[in-house]
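Asker: Before we start, here is the structure in question, set down as structure tokens.
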Amino acid sequence: MKRWTRLAAVLAVCGMLGLPAEVRAFDPMTMSSAAPQALELATLWSPHAINAMQSGGLGFVNVGQAMLNILKLPLGLLQCTLGYPFGMAESGVNNCVGGVAAPFELVYHTLLLPVRILSLGAVR
């Protein structure tokens, strides 16, 4: 019972810290006066936003491929051991090498992801 009370207290405190102190609604007049500037900024930044989304999407695909390449190590070990009599040793060694290099590729692509999203360089 004591454990549940502590858990409830911790969750309540964490929930209270996340609440905003004061909430204000926007005035309709403020919104109507800010809309033209927002449209100007949207037309100005839309090519950059599209480029950032394309580059970021490519980065997410690269991270996903690197995550799946980690599974090549157990596959390669199975091919090297159980598939040796069937001539799978060469592809097993290739998969083992790819599986060992995959975590480093994952770290590289994960660290490169903010650069891609912010479009700080021509990373393609």
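Asker: Given contacts defined as C-alpha pairs under 8 Å and at least six residues apart, what's the relative contact order of the chain, whole-number percent?
Answerer: On the way: 82 pairs, mean separation 33.2, N = 124.
Across the chain, relative contact order equals 27 percent.
Asker: By how many degrees, 0 to 90 and rounded to 10, does the Cα axis of helix 28-69 deviate from the longest principal axis of the chain?
Answerer: 10
Asker: Moving on. Compare Val61, Val115 by solvent-accessible area with a 1.4 Å probe and give them largest first, with all protein chains kept in place. Don't jump to the answer; show the numbers that get you there.
Answerer: Numbers: Val61 80, Val115 45 Å².
Result, largest first: Val61, Val115.
Asker: In Å, the Kirkwood hydrodynamic radius of the stretch 51-97 over pairs of distinct alpha carbons? Show your work: numbers first, answer last.
Answerer: Values: mean 1/r = 0.0842 Å⁻¹.
So the Kirkwood estimate lands at 11.9 Å.
Asker: Follow-up question, since we're still on this one. Could you pull the accessible area for Val97 with a 1.4 Å probe, rounded to 10 Å²?
Answerer: Number for this one is 100 Å².
Asker: Let me ask another. Using the alpha-carbon atoms, what tilt in degrees (0 to 90, nearest 10) does helix 72-81 show relative to the longest principal axis of the chain?
Answerer: It works out to around 10 degrees.
Asker: Further, regarding this structure: Once neighbouring chains are kept in place and the probe is 1.4 Å, which whole percent of the accessible area of the stretch 54-124 is contributed by carbon and sulfur? Could you put the intermediate results ahead of the total?
Answerer: Details: 3530 of 4760 Å².
Carbon and sulfur together cover 74 percent of it.
Asker: Nearest 10 degrees, 0 to 90: what angle lies between the long axis of helix 2-17 and the longest principal axis of the chain (Cα atoms)?
Answerer: So the inclination is approximately 60 degrees.
Asker: Could you report the chain's accessible area per residue, 1.4 Å probe, as an integer in Å²? Show your work: numbers first, answer last.
Answerer: Details: 9920 Å² over 124 residues.
Per-residue value: 80 Å².
Asker: Output the Kirkwood hydrodynamic radius of the chain, Cα pairs only, in Å rounded to one decimal.
Answerer: On the way: mean 1/r = 0.0500 Å⁻¹.
Evaluated on the chain, it is 20.0 Å.
The values are calculated or read from the model by the stated rules, or taken from the named source; none is laboratory data. Here the structure is a predicted model, which means the values were calculated and not measured. Accessible surface is based on the protein model in full, side chains and every heavy atom, while ligands, DNA and RNA are left aside. Shrake-Rupley method; radii C 1.70, N 1.55, O 1.52, S 1.80 Å.
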